[in-house]
Amino acid sequence: MTQESKINLAANEIDQSMFEPLAQEDKNAEYIAVEVKTFAKDSWDRFRKNKLALAGFIFIATLVALVVLVPILSPYTYDGMEMENRNALPSLKHIFGTDRFGRDIFVRIMYGGRISLAIGFASAGINLIIGVVYGSIAGYYGGTLDAVMMRAVDIIYSVPSMLYVILILMVFGNNVWSMLLAISLTSWVSMARQVRAQVMSLKEQEFALAAMVIGASKSRIMFKHLVINAIGPIIVCLTSMVPGAIFTESFLSFVGIGLSAPSSSWGTLANETRQIYSTYPIQVIWPVCAICLTILSLNFIGDGVGEAFQPKRKDN
């Protein structure tokens, strides 16, 4: 045996004496279990910790269920009259009482919630589509195109939105579709600005440059990479649009230039009680409470979503 072989054999014997195989039962003794969370699950866990946001979510979910089911399951209709039972106080038969024509107020509140919530969520959805497309194009291409597109946004933003709404309602009539068009005409501007700012800050990041290098199309980079990574601020902006649309519709209907009969939104119901509020003030409470509680709950949800999708915002 050569001198080198003797040295290797001695080294192996030393290694075996110093290091022993770990027993199978001891291999996971220091294993720390970490739950793997997706972005959606992690955001939901943070959202649930906000008690006001969770309470607002439960209220809105319950309200949506009621506005869908109550007009269907109730024995009363929103326009059914009982002339012998006009202006009745709340009772087991009529939870919120009846109005001056004997119509059940609870059913009318739930039916009006359909229209108010539909306008709020539908207008927010329209604003989301227009704002994301417009803002992502302006932010990604930049240069002259961005300057022209944002000057158009500045022109739209410089004119009071209420003026657009009133003019459209005067031209197309006081109906749900014209109200939806009027609210959606200018509300997308804030979404477009938010998306443009996010896209401009993200398009120089490594992942966007890598997608461009491997040959991804510009539309894929914009919507598959940049917009997806800006989903947090987009959703936060979206949640603030819903209560704004509901308030606009309710205010216009209350002052008499919004929806008209046979449509009965919360603003329309509040407008109908103006003539009898001094005699039967309780009838004013129901539509006003519906509007206030809904907007308050949506604002709580917006704050909770902001903290869930943008945890750094809470620290600031």
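The values are calculated or read from the model by the stated rules, or taken from the named source; none is laboratory data. Fair warning: this is a prediction, and the values are worked out from it, not measured in the lab. Methodologically, a virtual Cβ is constructed for each residue, glycine included, from the backbone with ideal geometry; neighbour enumeration extends over all protein chains shown.
Against the list (1) at pLDDT below 85; (2) more than 15 Å from the chain's Cα centre (by Cα); (3) part of a helix (DSSP H, G or I); (4) crowded, with 20+ Cβ neighbours inside 10 Å, the condition Ser187 fails is (2). Exactly one residue among Ala216, Ala208, Ala192, Ala245 is among the aliphatic types (A, V, I, L, M), buried (at least 18 other Cβ atoms within 10 Å of the Cβ), in contact with a helix residue (DSSP H, G or I) (Cβ under 8 Å, 6 or more places away or on another chain) and at pLDDT below 85, and that residue is Ala208. Among the residues of the range 51-60, is any surrounded by 11 or more Cβ atoms within 10 Å (Cβ to Cβ) and either over 18 Å from the mean Cα position of the chain (by Cα) or at pLDDT below 80 (or both)? No, the range 51-60 has no match at all.
Kindly establish whether Arg196 is of a type in the set (D, E, K, R) and more than 21 Å from the chain's Cα centre (by Cα). Judged against the criteria, Arg196 is not a match. Restricting attention to the range 163-179, and to residues there that are surrounded by 18 or more Cβ atoms within 10 Å (Cβ to Cβ) and closer than 14 Å to Ser265 by Cβ, which single residue is nearest to the chain's Cα centre (by Cα)? For the range 163-179, the residue satisfying everything is Met179. Sub-9 Å Cβ pairs linking a first residue in the range 64-91 that is of a type in the set (Phe, Trp, Tyr) to a second residue that is assigned to a loop (DSSP other than H, G, I, E, B), at least 6 apart or interchain, are Tyr76/Glu82; Tyr76/His94; Tyr76/Arg103; Tyr78/Arg103; Tyr78/Pro262; Tyr78/Ser264, ordered by first then second residue. Examine the range 187-198 for a residue that is free of Cβ contacts under 8 Å to residues at least 12 places away in the same chain and within 19 Å of Val133 (Cβ to Cβ), and state whether such a residue exists. No, because not a single residue in the range 187-198 is free of Cβ contacts under 8 Å to residues at least 12 places away in the same chain and within 19 Å of Val133 (Cβ to Cβ). In the range 61-96, which residue that is within 30 Å of Phe300 (Cα to Cα) and β-branched (Val, Ile, Thr) is surrounded by the fewest Cβ atoms within 10 Å (Cβ to Cβ)? Only one residue fits best here, namely Ile72.
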